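Participant: Got a structure for you, written out below as structure tokens; questions coming shortly.
The values are calculated or read from the model by the stated rules, or taken from the named source; none is laboratory data. Keep in mind that what you see is a predicted model, and the values were worked out from it rather than measured. Here Cβ is always computed from backbone atoms with ideal geometry, including for glycine, and neighbour counts include all displayed protein chains. Surface areas here come from the heavy atoms of the whole protein model, side chains and all, with no ligands, DNA or RNA. Shrake-Rupley method; radii C 1.70, N 1.55, O 1.52, S 1.80 Å.
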Amino acid sequence: KNAAPLPLTYVEFCVSQQMEQFLGAHLNAFAAFGGVPGRLIVDNLRSAVLRRHIGEAPVFNPRYLDFARHGGFQISACNVRAAHEKGRVERGVGYVKANFLNGLELADLASLNASARLWLDTVANVRIHGATRRQPVEMYTEEQGKLQPLNPRPYDIARVLEVRALRQFRVVLETNTYSVPARCAGQRVAIKAWPDRIRLYHGEQLVARHARCYDRHQDIEDPEHAKPLLAQRKSAREQRLLLRFLALSPQAQAYHDGLVARRTNARDHVRRIVALVELYGEAAVARALEDGIEFGAFSAEYVANTLEMRERHLDEPPPLQLARRADLLDLDLAPADLSLYDRDTP
């Protein structure tokens, strides 16, 4: 068992101290070190220590104890109000703040951790340490053999929560919502959360997969989850539309059969014919359908043209207007000379 402190530094930034974040950082550190120390000294955060009173043995988190047994290391908790016991750790945190974080501006957590790994390899672990006067990476080479090998069996670090899905077929994790299939709305759903992803279960069935989001108040949706509901709503709308069409006339069913037989988009023709009711009324549309059956004309265009022609009225001619001017109506004409007709024709 390695009793001496490990000379190498490992840094990882997390958004919380939830169990999956806490254990995930352990696994990443063990992978970076290439092994597991025999003993870990932890502060009294709740993911590791449930209760710690002066003069009493610490009560460790059962999940952390299980993880320690799997990894093969022992846990030591710092005593309450014993700052000297974690001084080495606190100095390391101060070094990271002053040397790495000071003045640093990065867009997101992934960029921050990538920069931290580069800083570890090029600065922190290759510098001449102030206390040892040696490079940490050189001392690590000497200590590496004292580390225990990594357990080849993976440890499931996920945190499991049970929640009720919202009516909008969403579950809430922290401040974000994640979609589940529409059939799970209002049902009890189990959330299994890893640092980088979540899985959602209804009973024993896996129903959803999502990448985990660390922004706030975001809605993460899988478009496939809404498709059955949208199809159901579309089917209901189409059914109501068809019932309204069939109610127009006893001949409406025959006209619909003609549309289906002759048109590839019969539903669109039905929709447009029903819309004509708002303009011309049910009786006029019903008469147009009956005429269409008689002439074998099955289309919304035929019905619209028929209704338009019947709606159109030619203007009647105006009454005859006579001129009223006196000089045109009161004329004095000389009597016609009819003697011309009495003359002999040569």
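Participant: Nothing charged except the Cβ atoms of Lys and Arg (+1) and of Asp and Glu (-1): what's the magnitude of the dipole of the stretch 143-297 about its Cα centre? Round to the nearest 20 debye.
Facilitator: Roughly 460 debye for the stretch 143-297.
Participant: Now for a separate question. Just grab the label-to-label distance for GLU105 and PHE13, each label 7 Å out from Cα along the Cβ direction, in nm (one decimal).
Facilitator: About 1.4 nm separates the two model spin labels.
Participant: Given charges of +1 on the Cβ of Lys and Arg and -1 on the Cβ of Asp and Glu, with all other atoms neutral, how large is the dipole of the chain about its Cα centre, in debye to the nearest 20?
Facilitator: That gives the chain a dipole magnitude of about 3640 debye.
Participant: Also, I was wondering about something else. Expressed as an acute angle from 0 to 90° and rounded to the nearest 10, what is the orientation of the C-alpha long axis of helix 109-119 relative to the principal long axis of the chain?
Facilitator: Approximately 40 degrees, to the nearest 10.
Participant: So, one more: Mind checking which of GLY71, GLY281, GLY94 has the largest fluctuation in a GNM of the chain, springs on alpha carbons under 10 Å?
Facilitator: Most flexible of the set in this elastic network: GLY281.
Participant: Here is a follow-up. Which residue, chosen from VAL163, TYR140, GLN253, occupies the Cα position most advanced towards the positive end of the dipole of the chain, where the dipole is computed from +1 (Lys, Arg) and -1 (Asp, Glu) charges on Cβ about the Cα centre?
Facilitator: Looking along the dipole axis, the top candidate is TYR140.
Participant: Given labels modelled 7 Å from the Cα in the Cβ direction, how far is it in nm from ARG164 to GLN135?
Facilitator: 6.1 nm
Participant: Which label belongs to the value computed from this structure, given these candidates for Kirkwood radius over Cα pairs in Å: (1) 22.8; (2) 21.0; (3) 29.2?
Facilitator: (3)
Participant: At 1.4 Å probe size, with every protein chain present, just tell me what the per residue accessible area of the chain comes to in Å².
Facilitator: 66 Å²
Participant: Using a probe of 1.4 angstrom, how much of the accessible area of the chain is carbon and sulfur, in percent?
Facilitator: The computed percentage sits at 53.
Participant: Among HIS202, GLN21, ALA266, whose Cα sits farthest toward the positive end of the charge dipole of the chain (+1 at Cβ of Lys/Arg, -1 at Cβ of Asp/Glu, about the Cα centre)?
Facilitator: Checked the options; the winner is GLN21.
Participant: Find how much the distance from GLU294 to GLU224 grows on full extension, using 0.36 nm per residue of separation minus their present alpha carbon separation; answer in nm with one decimal.
Facilitator: Result for the pair: 20.6 nm of gain on full extension.
Participant: What list of ³J(HN,Hα) couplings, whole Hz, do you get for the stretch 181-197 from phi and the Karplus terms 6.51, -1.76, 1.60, once you set θ to phi - 60° and write x for glycine and proline?
Facilitator: x, 4, 5, 8, 4, x, 9, 6, 10, 9, 9, 10, 10, 9, x, 10, 7
Participant: Can you order the peptides 194-205, 266-277, 100-111 by their average number of other Cβ atoms within 10 Å per residue, highest first?
Facilitator: 266-277, 194-205, 100-111
Participant: How large is the helix-only mean residue ellipticity at 222 nm for the chain, computed as the sum of -39500 (n - 2.57) over DSSP H runs with n ≥ 4, divided by its residue count, in deg cm²/dmol to the nearest 500?
Facilitator: Using -39500 (n - 2.57) per qualifying helix, the result is -12000 deg cm²/dmol.
Participant: Also, I was wondering about something else. Return the single residue from ARG39, ARG244, ARG183 with maximal mean-square fluctuation; model: Gaussian network over the chain, springs between Cα atoms under 10 Å.
Facilitator: Of the options given, ARG244 has the highest mean-square fluctuation.
Participant: Sticking with this structure for a sec: From the phi of every residue in the stretch 244-261, what ³J(HN,Hα) in whole Hz does the Karplus formula 6.51 cos²θ - 1.76 cosθ + 1.60 yield, where θ is phi - 60° and glycine or proline is x?
Facilitator: 5, 5, 5, 7, 5, 6, x, 8, 5, 4, 5, 5, 5, 4, x, 4, 4, 6
Participant: For the stretch 63-217, with the dipole built from +1 on Lys and Arg beta-carbon atoms and -1 on Asp and Glu ones, taken about the Cα centre, which of LEU173, ALA211, VAL126 lies farthest toward the positive end?
Facilitator: LEU173
Participant: Only residues of the stretch 265-292 count here: report those whose backbone N is under 18 Å from the spot 7 Å along Cα→Cβ of ASP257, or say none.
Facilitator: Residues 266-267, 270, 289-292 fall inside that zone.
Participant: Give the separation of the Cα centroids, the stretch 157-191 to the stretch 15-57, in Å.
Facilitator: First find each Cα centre; the distance between them is then 28 Å.
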